[in-house]
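Remarks on the structure that follows.
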Amino acid sequence: MYGQSSPHRRSRTGLWLAAFTIASLLMLLASSTQPALTLQQVTTRALDPVRQALTGIGSGVAGLFGTIGEIDRLRTENADLRVALAGAEQRIAELAEAARENEELRQLLGITEALDMELLPVRITSRDPSNFVSEVGIDAGTDDGVRIGMPVVANAEGAGALAGTVVSVTEDTARVRFIVDTRSSVIALDQASRALGDIRGQAGGQLVMSNVPVTEAVEPGDTIVSAGLALGEEASRYPGGLLIGTVQAVEEDANALTQTAFVRPAFDVAAADRLLIVLDFTQG
């Protein structure tokens, strides 16, 4: 009807009114009159919280990205430090191993010079994993003069200790059975009492000296060495005077005629890396 305005016309009128209002405010804000200045101050105060909030958000975002960057930098630095530390630890381990090997070689050289024997230095290349077998492989064989039955000497803190004997051999390798093996047997001598006995290996890497007359004064702490003797008329395979171990305890046997001494080996079988093969010796 003619008396009613259409919604479209009212909407257009509202837009014109809003545009006029905004234009008036902009002109007023741009003006330097007192009312305009007052309106500007009121508007600034009203928008201050918004501006401060936006400034705070911007600072927070900047701080967040800065923190993330610092974390990444620290992670990279920590990774570099871990690599450097691992390298230093490896170097220290290598130097310690080189020092240990140098000391072992020096002691073996001293043993070679001290003993009146022809000795061949060898390196242990393999070990038997069984707890009941005490044998090792070495890096020398018949091409180096090694033969079955030859005695073997080990380093016992700078002194020559009887380690065992060669039990098998190839051209460039051999196998050594230690005296702590249960199949090993050596005629031994107590240096203090001069008592003789049969040293045999025991499970667990220990030694026992059996068939010692009960009349002999074998005491804990006595040093046991190879006697350089053999049962019967057969010559001993072992040189005399080589360290075997130290008496830890002594027990009288049930027959009341003999006693048994429990002996700690002079050298550490598990720690040995090098040995000396006795190619030739003169029994004194």
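Hey, any idea what % of the stretch 100-183's accessible area is carbon plus sulfur with a 1.4 Å probe? That fraction is 48 percent.
Each Lys or Arg adds one and each Asp or Glu takes one away; over the other residues whose Cβ falls under 11 Å from the Cβ of VAL133, this sums to +1. Computed with a 1.4 Å probe over protein heavy atoms only, the accessible surface of the stretch 102-216 comes to 48 Å² per residue.
Once you divide the Cα radius of gyration of the stretch 181-284 by 2.2 N^0.38 Å, the number left is 1.07.
The values are calculated or read from the model by the stated rules, or taken from the named source; none is laboratory data. Since the structure is predicted, the reported quantities are computational estimates derived from the model, not experimental observations. Reconstructed Cβ throughout: ideal geometry from the backbone, glycine too, with neighbour counts over all protein chains shown. Remember, those area values only see protein heavy atoms, side chains included, never the ligands or the DNA or RNA. Shrake-Rupley method; radii C 1.70, N 1.55, O 1.52, S 1.80 Å.
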